[in-house]
Amino acid sequence: MELNSQKVRKLAPENDPLKIGMGWTIADLEKPQILVESTFGDSHPGSAHLNLFVNEAVKGITEAGGKAARYFVTDICDGIAQGHDGINYSLVSRDMIANMIEIHGNSTGFDGGVFIASCDKSVPACLMGLCRLNLPSIMITGGVMDAGPDLLTLEQIGAYSAMCQRGEISEEQLLFYKHHACPSCGACSFMGTASTMQIMAESLGLMLPGSALMPATSEDLKTMARKAGEQVMQLALKGMKVSDIVTKESFENAIMVHAAISGSTNSLLHIPAIAHELGIEIDSDTFDRMHRGAHYLLDIRPAGRWPAQFFYYAGGAPAVMEEIKSMLHLDVMTVTGKTLGENLEQLKAEGFYEKCEKYLAKWNLKRTDVIRRFDQAIGTDGTVAILKGNLAPEGSVVKHSAVPKEMFQAVLKARPFDCEEDAIAAVLSHQIRPGDAVIIRYEGPKGSGMPEMFYTTEAISSDAELGKSIALITDGRFSGASKGPAIGHVSPEAAEGGPIALIEENDLIKIDIPARILEVVGINGVMMPAEEVNKVLAERKAAWKPKESKYKSGVLKLFSEKATSPMKGGYINGE
């Protein structure tokens with residue numbers, strides 16, 4: 001088998017001298033050439049440490065007889081972008097990083113790739129990019145940060161901030177929490193989108209077993225990075241591409257793990273977008289179907305008790321997979337060159353779980369305190385649901401594992417807002433009352449880039465009364481840290497004239513999570529038959545005029561014009 005890099009050398013006579021010019025030896029030119037792509041940069045704690053793992057991966061590649069080339073495409077942080085227009089760039093950054101990976105990989109001629117990232121958009125971006133390149137590839141994720149004093153974690157800051165604005169805690173208390181919530185590098189220490197997507201990467205078979213969501217400060221993670229460098233060489237020499245490993249069954253495994261860990265709703269944007277790169281159709285209805293009857297096992301924040309650093313101590317993704325083994329395709333291939341089932345057996349034989357539990361013992365906890373047994377599940381109907389109806393004909397998503405039971409079925413009065421800023425002001429000034437449905441619209445991909453409604457969800461869920469008596473409904477999305485009665489990704493979005501754009505004050509909104517319903521059932525406070533409601537909505541649609549686009553140039557203009565529906569992944573459609 002002739003390596004791709006050697007084919008390119010024959011086609012481009014400038015290739016060799018240019019590489020020699022940056023320090024390559026003549027012997028290096030003959031070796032398998034491996035792209036090592038990371039989002040390293042001084043952008044946030046999830047990326048600032050990644051060069052440690054880049055260097056380890058390079059050592060592994062070198063020791064296995066290859067030549068590594070380091071490339072970088074730094075990501076942004078949703079937390080740092082939060083609270084201002086920077087958050088509008090968050091989702092589109094995923095597609096831009098994937099585009100740069102495609103450019104880096106295809107413009108040079110590599111034989112394999114190691115991809116290193118930690119966070120919300122960078123991990124799915126790497127997965128999209130490596131699927132697009134379809135080279136022999138492996139991922140390393142940058143792990144999770146330590147918790148602060150009294151197991152303080154970042155997702156609590158939004159609630160503490162809202163409490164401070166309401167006068168419930170002092171500014172000094174808030175300042176202490178802010179100064180101690182992120183004591184190390186790594187992804188935020190809760191089961192948000194970053195943690196979820198690290199686990200999804202392993203669940204797809206694209207990481208070494210047990211390597212997802214390790215503590216970022218651990219020596220174990222550096223060891224895994226070096227092993228990944230060694231292993232990608234094996235994949236490259238065998239010509240074992242991503243499409244030889246990742247199949248529809250791999251995605252189904254990932255969705256079952258997603259249900260078991262109560263993963264972020266943003267996964268419903270990322271998993272379909274990744275699958276699309278391989279020509280595999282996964283949509284929100286796939287999540288809804290597979291979550292029904294799935295066992296929810298993970299007692300990690302924001303829905304559970306413990307910080308995410310305890311995930312690895314309890315055995316990580318392999319321990320979750322062991323518990324839900326009866327619901328997985330164990331014959332799928334992985335980057336080890338072995339099947340998932342073979343990997344799980346090997347981990348047990350090597351004492352992987354006993355090693356992990358030594359870390360957990362320091363906290364006087366056992367594995368089942370963090371990852372429940374299958375027959376002692378926290379819940380047995382998955383963790384997300386897709387709601388449809390005349391308010392969301394294409395669908396909407398709710399993480400029902402984080403919704404108070406009082407809100408599983410309700411009829412609420414609509415309080416519509418055309419941006420998040422107006423909505424959160426109404427919540428914090430007590431203009432929102434029990435029985436209201438806060439509608440935030442024009443925040444979808446085509447409206448404003450699909451930012452998170454993080455501060456509004458935190459203001460609601462941190463309010464003891466509102467958290468159990470109102471709902472937030474939006475065509476935007478939520479932070480993976482969000483909890484409470486929040487329904488997002490409403491499609492079609494308002495900017496496209498979806499029904500959410502037509503809602504008026506005091507319209508009656510029915511939520512029925514068990515029945516998967518999100519509907520307008522009344523107009524101006526009066527219940528009406530469905531045909532009359534739909535007639536009013538049709539009249540409003542005829543009079544509706546689209547808002548002028550916010551964006552006249554740049555990447556958000558491109559995104560607003562080309563983004564697909566959130567129900568399909570919200571990716572830039574190049575067709």
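Quick note: the coordinates plus some simple rules give every number you see, no bench work behind them. Quick caveat: nothing in here was measured; it's all calculated off a predicted structure. All Cβ positions, glycine included, derive from the backbone under ideal geometry; neighbour counts span all protein chains shown.
HN-Hα J couplings of the range 492-503 from phi, Karplus 6.51/-1.76/1.60, θ = phi - 60°, integer Hz, Gly and Pro as x?
Values per residue, Gly and Pro as x: x, 7, 4, 4, 9, x, x, x, 4, 6, 9, 5 Hz.
May I ask for the net charge around LEU360, where only other residues with Cβ less than 9 Å from the Cβ of LEU360 are counted and Lys, Arg are +1 while Asp, Glu are -1?
Within the 9 Å Cβ shell, the charges total +2.
Could you give the dipole magnitude of the chain about its Cα centre, charging the beta-carbon of Lys and Arg +1 and that of Asp and Glu -1, in debye to the nearest 20? Could the numbers behind the result be given before it?
Values: 56 positive and 72 negative charges, 122 e Å.
Approximately 580 debye in magnitude.
Which angle between 0 and 90 degrees, to the nearest 10, do you get for helix 219-238 versus the longest principal axis of the chain when only C-alpha atoms count?
70
Report the Cα centroid-to-centroid distance between the range 495-510 and the range 292-320 in angstrom, as an integer.
37
So which trypsin sites (Lys or Arg not before Pro) in the range 151-260 are both in a DSSP loop and have at most 16 other Cβ atoms within 10 Å of their Cβ?
Passing sites in the range 151-260 are ARG166.
So what's the convex hull volume per residue for the Cα atoms of the range 350-495, in Å³? Can you show the working numbers first?
Values: hull volume 23.6 nm³, N = 146.
Hull volume normalised by residue count: 162 Å³.
Spin-label point model (7 Å from Cα, Cβ direction): what's the LYS552 to LYS366 distance in nm?
6.6
Which net charge results for the neighbourhood of LYS562, defined as the other residues with beta-carbon distances under 12 angstrom from its beta-carbon, given Lys and Arg at +1 and Asp and Glu at -1?
Here the count lands on -1.
Set the Förster radius R0 to 45 Å, insert the Cβ-Cβ distance between GLN6 and ASN51 as r into 1/(1 + (r/R0)^6), and round the FRET efficiency to 0.05.
Taking R0 as 45 Å, the efficiency between GLN6 and ASN51 is 0.95.
Using only Cα atoms and rounding to the nearest 10 degrees, what angle (0 to 90) does helix 171-180 make with the longest principal axis of the chain?
20
Provide the gained length on full extension for the span SER107 to GLU168, in nm with one decimal, where the gain is 0.36 nm per separating residue minus the Cα-Cα distance. Provide the component values of the computation, followed by the final result.
Values: separation 61, 0.36 × 61 = 21.96 nm, distance 5.61 nm.
Computed gain between SER107 and GLU168 is 16.4 nm.
Explain nothing, just compute: Karplus ³J(HN,Hα) = 6.51 cos²θ - 1.76 cosθ + 1.60, θ = phi - 60°, for every residue of the range 287-295 in order, whole Hz, x for Gly and Pro.
4, 4, 5, 7, 6, 4, x, 6, 9
Calculate one ³J(HN,Hα) per residue across the range 196-210 by plugging θ = phi - 60° into the Karplus curve 6.51 cos²θ - 1.76 cosθ + 1.60, and present them in order as whole Hz with x for glycine and proline.
Listing the rounded values in order: 4, 6, 4, 5, 4, 4, 5, 5, 7, x, 9, 10, 5, x, x Hz.
For VAL332, what residues show an amide H to amide H distance below 5 Å, using hydrogens built from the backbone and excluding near sequence neighbours?
It is LEU340, GLY341, by chain and number.
Mind giving me the nanometre distance, one decimal, between the label points for ARG70 and GLN234, set 7 Å out from Cα along Cα→Cβ?
2.6
Calculated from DSSP H runs of 4 or more alone, at -39500 (n - 2.57) each and per residue, what is the 222 nm mean residue ellipticity of the chain, nearest 500?
Here the helix-only value at 222 nm equals -11500 deg cm²/dmol.
Collect residues whose amide H, placed 1.01 Å from N in the peptide plane, falls under 5 Å from the amide H of ASN390; neighbours closer than 5 in sequence don't count.
VAL520
The range 364-433 to the range 99-171: how many Å between their Cα centroids?
23
Estimate the FRET efficiency between ALA542 and LYS562 by the formula 1/(1 + (r/R0)^6), using the beta-carbon distance for r and 35 Å for R0, to the nearest 0.05.
0.80
Could you work out how far helix 122-133 tilts from the main Cα principal axis of the chain, as a 0 to 90 degree angle to the nearest 10?
It works out to around 60 degrees.
For the chain, build the convex hull from the C-alpha positions and give me its volume per residue in Å³.
146
Taking amide H atoms as placed 1.01 Å from N in the peptide plane, list the residues 5 or more away in sequence, or in a different chain, whose amide H sits under 5 Å from that of GLY112.
LEU35
Given +1 on the Cβ of Lys and Arg, -1 on the Cβ of Asp and Glu, and no further charges, what dipole in debye does the range 417-468 carry about its Cα centre, rounded to the nearest 20?
So the magnitude is around 160 debye.
Between ARG305 and ILE26, what FRET efficiency follows from the Cβ-Cβ distance if R0 is 60 Å, with the result rounded to 0.05?
0.55
The range 433-516: which GluC sites (Glu not before Pro) are DSSP loop and have at most 11 other beta-carbon atoms within 10 angstrom?
Answer in residue order: GLU465, GLU505.
Rounded to the nearest 5, what % of the DSSP beta bridges within the chain are antiparallel ones?
Here the antiparallel bridges make up roughly 40 percent for the chain.
Counting only C-alpha contacts under 8 Å and six or more residues apart, can you give the relative contact order of the chain as a whole percent?
13
What net charge do the residues around GLY488 carry, taking every other residue with its C-beta under 11 Å from that of GLY488, with Lys and Arg at +1 and Asp and Glu at -1?
-2
So if I take the centroid of the Cα atoms in the range 1-77 and the same for the range 189-204, what is the distance between those two points in Å?
A separation of 26 Å, based on Cα centres.
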